[in-house]
1. Scan segment 20-32 and report the pairs whose first residue is closer than 19 Å to Met65 by Cα and among the small types (Gly, Ala, Ser) and whose second residue is surrounded by 16 or more Cβ atoms within 10 Å (Cβ to Cβ) and at pLDDT 80 or above, with Cβ atoms within less than 7 Å and a gap of 6+ or a chain change.
2. Select from segment 1-45 the residues that are among the polar types (S, T, N, Q), modelled with pLDDT under 75 and either exposed (fewer than 11 other Cβ atoms within 10 Å of the Cβ) or touching a Phe, Trp or Tyr at 6+ places or on another chain (Cβ under 9 Å) (or both) and list them in ascending order.
3. Could you please find all residues in segment 52-84 being assigned to a helix (DSSP H, G or I) and within 17 Å of Asp35 (Cα to Cα)?
4. Where the second residue is modelled with pLDDT of 95 or more and not in a helix (DSSP H, G or I) and the first is farther than 19 Å from Leu82 by Cβ and lies in segment 51-66, which pairs have Cβ atoms under 7 Å and are six or more apart or on separate chains?
5. Would you pick out the residues in segment 84-102 that are more than 14 Å from the chain's Cα centre (by Cα) and either at pLDDT 95 or above or exposed (fewer than 11 other Cβ atoms within 10 Å of the Cβ) (or both)?
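The values are calculated or read from the model by the stated rules, or taken from the named source; none is laboratory data. Nothing here was measured: the structure is a model prediction, and the numbers come from that model. Reconstructed Cβ throughout: ideal geometry from the backbone, glycine too, with neighbour counts over all protein chains shown.
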Amino acid sequence: MLSVDMENKKNGSVGVKNSLENGRPPDPADWAVVDVVNYFRTAGFEEQANAFQEQEIDGKSLLLMTRNDVLTGLQLKLGPALKIYEYHVKPLQSKHLKNNSS
């Protein structure tokens, strides 16, 4: 995964409108499915990341997910699903709303 991050930075992405953070656009709304999957893999949810890929959850979809979507819709074990929602999805949603409300 490190090689992908370095490759993205070397392939001219510096001149792109949005700079990349860890190989992903800074705004989750711009994330592709692979960015969402890599985000959760990087966060330590390797198994659960596959559920986001299977359900084709991109950044826009991720930002629209409710607690119930994460807990039941992805068919994840309860513990990891709670952590994913509380510590990742919810903060990403809050940050996105804060950045786009001004």
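1. Ala29/Gly59; Ala29/Leu63; Ala29/His96; Ala32/Asp58
2. Looking only at segment 1-45, we keep the residues that are among the polar types (S, T, N, Q), and these are 3, 8, 11, 13, 18-19, 22, 38, 42.
Pick out the ones that are also modelled with pLDDT under 75 and you get 3, 8, 11, 13, 18-19.
Answer for segment 1-45, where residues must be among the polar types (S, T, N, Q), modelled with pLDDT under 75 and either exposed (fewer than 11 other Cβ atoms within 10 Å of the Cβ) or touching a Phe, Trp or Tyr at 6+ places or on another chain (Cβ under 9 Å) (or both): Ser3, Asn11.
3. Start the filter on segment 52-84 by keeping residues that are assigned to a helix (DSSP H, G or I), which leaves 52-54, 59-64, 67-73, 78-84.
Phe52, Gln53, Glu54, Gly59, Lys60, Ser61, Leu62, Leu63, Leu64, Ile84, listed by residue number.
4. Asp58/Trp31; Asp58/Ala32; Gly59/Trp31
5. Residues of segment 84-102 more than 14 Å from the chain's Cα centre (by Cα): 97-102.
The answer is Leu97, Lys98, Asn100, Ser101, Ser102.
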